[in-house]
Amino acid sequence: MEQDKYSVHDTIDLQEIRSLLEDEKPREPRETPPEDAAPAEKPEKKSEPLYECYGILHDITYILAAVTLLFVFVVRLVGVDGTSMLPTLHHGDYLILESNFLYHGDDIETGDIVVLTVPYYKEEPIVKRVIATGGQTVDIDFENHIVYVDGQALEEPYLIDYTGTGSWNNWDGEYGLSYPATVPEDCIFVLGDNRNNSTDSRFAPVGMVNVSCVLGKVRAIVLPGQTKDEMGNITDPRDWGRIGLVS
């Protein structure tokens, strides 16, 4: 008899049969949670005290940085020392100043109240009102209490009533200016509102002030001042109604 061309396995692989039977078993369907079932609660993670402190310090650092930038480049807080700007500003007033980072020489206008430094006062800043800017001509009628700029009398409602009083103070000789006086370019002519008690551009050592000396423009009174005598008695009480914008 001829031998078969093909050979067959005559042994049974029990392991293979078991695996085939297991694959044919019906699988139980997975249970799906109902749609309205509440999500499983995650275990609360306990916050560590050191991590919380780090977060607080992080926030404080950013707040301090923002405040520093605000008071360096945007606004400044300055105090008034003296009575040269009465009745607009009082001794002891605290003011919000728009910094010269934003308030430039080209922004200065007649009537602005500015804080500035001048060589006569060394490093001590002063606060005055701008009367004229570069190229304008100033003349003063000291007897009748009138200031002229380019031939036009200024309306100055912020001044106290000088009717019936003597002439405004002026300096003579080398300490005074000759009028009419033309303000050089990039300079300003400033006066105090209290004309008889103010060292300003009428005084030659102050004179015409360069705009580079301007530290900023006064915007508002945030804390009114009060004046006390030598015994500590209040002679000029704090007027809270004065809080607000300054013009």
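The values are calculated or read from the model by the stated rules, or taken from the named source; none is laboratory data. Just so it is clear, the model here is predicted, and its values are computed rather than measured. Cβ atoms come from the backbone with ideal geometry, glycine included; neighbour counts cover every protein chain shown.
Pick from 166, 176: which is under 17 Å from residue 199 (Cα atoms) and among the small types (Gly, Ala, Ser)?
On the way: 166 fails: under 17 Å from residue 199 (Cα atoms).
Sole residue among the options that is under 17 Å from residue 199 (Cα atoms) and among the small types (Gly, Ala, Ser): 176.
Within the range 180-197, is there a residue that is farther than 24 Å from residue 117 by Cα and assigned to a loop (DSSP other than H, G, I, E, B)? Even if it seems obvious, please write down each step before you answer.
Start the filter on the range 180-197 by keeping residues that are farther than 24 Å from residue 117 by Cα, which leaves 180.
Narrowing further to those that are assigned to a loop (DSSP other than H, G, I, E, B): 180.
Yes.
Quick check on residue 227: is it surrounded by 11 or more Cβ atoms within 10 Å (Cβ to Cβ), among the β-branched types (Val, Ile, Thr) and modelled with pLDDT under 95? Spell out the reasoning first.
Details: surrounded by 11 or more Cβ atoms within 10 Å (Cβ to Cβ): yes; among the β-branched types (Val, Ile, Thr): yes; modelled with pLDDT under 95: yes.
Criteria met by residue 227.
Mind checking which residues of the range 140-172 are outside any strand (DSSP E or B) and among the hydrophobic types (A, V, I, L, M, F, W, C)? Give the derivation first.
Taking the range 140-172 first, the residues outside any strand (DSSP E or B) are 142-145, 150-151, 154-172.
Scanning the range 140-172 gives 142, 154, 159, 160, 168, 171.
In the range 106-134, which residues are of a type outside the set (Val, Ile, Thr) and over 18 Å from residue 246 (Cα atoms)? Outline the logic, then answer.
Let us first name the residues in the range 106-134 that are of a type outside the set (Val, Ile, Thr), namely 106-107, 109, 111-112, 116, 119-125, 128-129, 132, 134.
Answer for the range 106-134, where residues must be of a type outside the set (Val, Ile, Thr) and over 18 Å from residue 246 (Cα atoms): 106, 119, 120, 121, 122, 123, 124, 125, 132, 134.
Please go through the range 105-123 and give me each residue that is touching a residue at least 12 places away in the same chain (Cβ under 8 Å) and in a loop (DSSP other than H, G, I, E, B), ordered by number.
Across the range 105-123, the qualifying residues are 108, 109, 110, 111, 112, 117, 118.
Are any residues in the range 60-82 loosely packed, with under 11 Cβ neighbours inside 10 Å, modelled with pLDDT of 80 or more and either under 16 Å from the mean Cα position of the chain (by Cα) or not polar (S, T, N, Q) (or both), and if so, which ones?
Within the range 60-82, the first condition is being loosely packed, with under 11 Cβ neighbours inside 10 Å, and the residues that meet it are 60-69.
Retained after the next criterion (residues that are modelled with pLDDT of 80 or more): 60-61, 63-65.
Across the range 60-82, the qualifying residues are 60, 63, 64, 65.
Every residue in the range 190-217 that is among the β-branched types (Val, Ile, Thr) and farther than 23 Å from residue 168 by Cβ, please. Spell out the reasoning first.
Residues of the range 190-217 that are among the β-branched types (Val, Ile, Thr), as a first pass: 190, 199, 206, 209, 211, 214.
Selection gives 211, 214.
Run down 235, 165, 182, 199 and say which single residue is surrounded by 13 or more Cβ atoms within 10 Å (Cβ to Cβ), farther than 16 Å from residue 127 by Cα and either in contact with a helix residue (DSSP H, G or I) (Cβ under 8 Å, 6 or more places away or on another chain) or of a type outside the set (Phe, Trp, Tyr) (or both). Walk me through it before giving the result.
Details: 235 fails: surrounded by 13 or more Cβ atoms within 10 Å (Cβ to Cβ); 165 fails: surrounded by 13 or more Cβ atoms within 10 Å (Cβ to Cβ); 199 fails: farther than 16 Å from residue 127 by Cα.
Going through 235, 165, 182, 199 in turn, the sole match is 182.
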